[in-house]
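**Student:** The structure follows.
No lab work stands behind these numbers, since they all come straight from the coordinates. All of these numbers come straight from a predicted model, not from anything done at the bench. For neighbour counting, all protein chains shown are included, and Cβ atoms are generated from backbone atoms with ideal geometry for every residue, glycine included.
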Amino acid sequence: MTTPQSTRSTRTMNNTRHGEGSASRRRSPGRVLVGALAAMLLIPVAAVLGGSPAGAVTNQFRGMNWAVLGDNFSTGPLVLHGLSQSDSNATVRAKANALYDDMAAMGVNTVRLPINTHTVGTTWWNNYRGAIDAATARGFKVILAYWEDGAASGGRITNLAAWNTMWSRVTYTYGSNTNVYFEPMNEPHGYSSADWRNIAANWLSYHYSAVPGRVLVGGTGYSQDLRDVCNDSRLRGTLLSFHHYAFFYNAMTYDAFRSHIQTRLGNCASRAVVTEYGAPMSTGLNYADAGSTDNFVRHIRAVTQVMRDNQMGGVYWPALGGKPTGSLGYDYYSMFALSGSGTNLHLTVRNASGHDRIRYGWGL
């Protein structure tokens with residue numbers, strides 16, 4: 001899952017307390033001609049500067065997280081759910097393409113993939129790259145995000161030198177690929193706001209192969225609050241990575257969730273991508289019910305409404321993989337059930353109303 005073991009325990013408790021129905025850049029609108037001329041003139045400038053043009057939005061990101069079954073915090077290589085460490089690059093590509101076909105049918109055009117220092121630069125990395133290259137070859141955007149190695153460092157970079165070596169290799173390999181985006185760290189909750197912003201600013205200076213416009217800087221805490229990073233001039237040209245889950249907080253009404261989310265986006269919704277949000281998809285919850293009193297339903301409806309209102313992109317957690325829930329053998333937040341064998345893999349949507357609500361949030 002997206003949080004260390006201790007936090008996942010909190011998630012489990014909060015899910016029990018609040019969930020399961022108690023049983024449990026599109027540009028600012030302008031005139032057509034002016035808008036068209038502005039687009040022709042401004043887009044190249046933004047590309048050169050590596051920043052985002054004023055009035056930009058991020059709803060070009062319609063994504064899913066593809067995770068390790070058991071979570072991405074690992075002291076070893078990251079083997080995504082559905083892959084095997086014995087898979088060749090060609091096999092990984094074939095498996096990934098099968099899964100991407102089914103994701104694309106939902107409207108997905110972005111996949112967020114984890115990396116760590118035990119994966120990049122290894123023999124497995126040569127094969128793991130098949131999942132990245134298969135995505136970019138079909139026009140998908142790929143967000144590569146660093147998960148601390150084993151969650152043993154309490155939301156801090158486990159080994160700074162190894163982290164920089166990892167990112168140097170990744171940005172050198174993919175810096176010229178305009179479909180690849182870089183997220184220096186997932187949920188940097190072990191750092192103060194000032195320390196995290198210094199690390200992110202230093203990362204941008206050091207890893208110059210990564211243009212700021214293709215970097216997603218996480219908010220403070222568990223990427224929960226964008227206001228400080230939004231206002232840091234050193235990070236002005238970047239995109240921002242935002243996380244919001246019901247289990248982070250006490251139960252709220254739908255309106256309270258919407259207000260809470262909008263507040264933590266600060267003035268930077270136009271730069272923000274909700275790179276993680278999710279809720280149970282295997283328990284029959286009805287995410288189409290506007291009057292639901294279920295906390296998970298209210299939360300997902302609120303997140304997706306804020307996304308749609310602000311024309312923000314979102315990357316749901318997870319498509320598949322994640323931390324298994326109880327004895328289920330899978331993360332009950334996962335959007336899809338995995339079936340098939342070899343390279344003949346298939347994804348089946350677990351919850352039609354959840355599927356539809358996520359698409360709604362993307363603006364579809």
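**Student:** Before anything else, pin down the relative contact order of the range 250-345: Cα pairs under 8 Å, at least 6 apart, normalised by residue count, whole percent. Could the numbers behind the result be given before it?
**Tutor:** Values: 115 pairs, mean separation 30.3, N = 96.
Relative contact order of the range 250-345: 32 percent.
**Student:** Still on this structure, I have one more. With each pseudo-label sitting 7 Å past Cα toward Cβ, what's the residue 253-residue 202 distance in nm, one decimal?
**Tutor:** For the pair residue 253/residue 202, the computed spacing is 4.6 nm.
**Student:** Let me ask you something else. Can you tell me what the convex hull of the Cα atoms of the range 73-157 projects to on average, as an area in nm²? Intermediate results must be reported in sequence, preceding the final value.
**Tutor:** Values: hull surface 22.3 nm².
Projected area, direction-averaged: 5.6 nm².
**Student:** So if we plug the beta-carbon distance of residue 195 and residue 263 into 1/(1 + (r/R0)^6) with R0 = 25 Å, what FRET efficiency do we get, rounded to 0.05?
**Tutor:** 0.65
**Student:** On to the next question. Expressed as a whole percent, how much of the Cα-Cα distance distribution for the range 238-322 exceeds 20 Å?
**Tutor:** Values: 1072 of 3570 pairs.
For the range 238-322, the fraction of Cα-Cα distances above 20 Å is 30 percent.
**Student:** Moving on. Relative contact order (percent) for the range 194-314, with alpha-carbon contacts under 8 angstrom and 6 or more residues of separation?
**Tutor:** Values: 168 pairs, mean separation 28.6, N = 121.
Computed over the range 194-314, the figure is 24 percent.
**Student:** Another question about this same structure. Contour minus end-to-end for residue 104 and residue 90, with contour as 0.36 nm per residue of separation and end-to-end as the Cα-Cα distance? Provide the component values of the computation, followed by the final result.
**Tutor:** Values: separation 14, 0.36 × 14 = 5.04 nm, distance 2.04 nm.
Using 0.36 nm per residue and subtracting the Cα-Cα distance, I get 3.0 nm.
**Student:** So if I take the centroid of the Cα atoms in the range 224-247 and the same for the range 146-194, what is the distance between those two points in Å?
**Tutor:** Centre-to-centre distance over Cα atoms comes out at 16 Å.
**Student:** Sorted by mean Cβ packing within 10 Å, highest first, what order do the peptides 143-154, 304-315 take?
**Tutor:** On the way: 143-154: 20.1, 304-315: 22.1.
Listed from highest to lowest mean packing, they are 304-315, 143-154.
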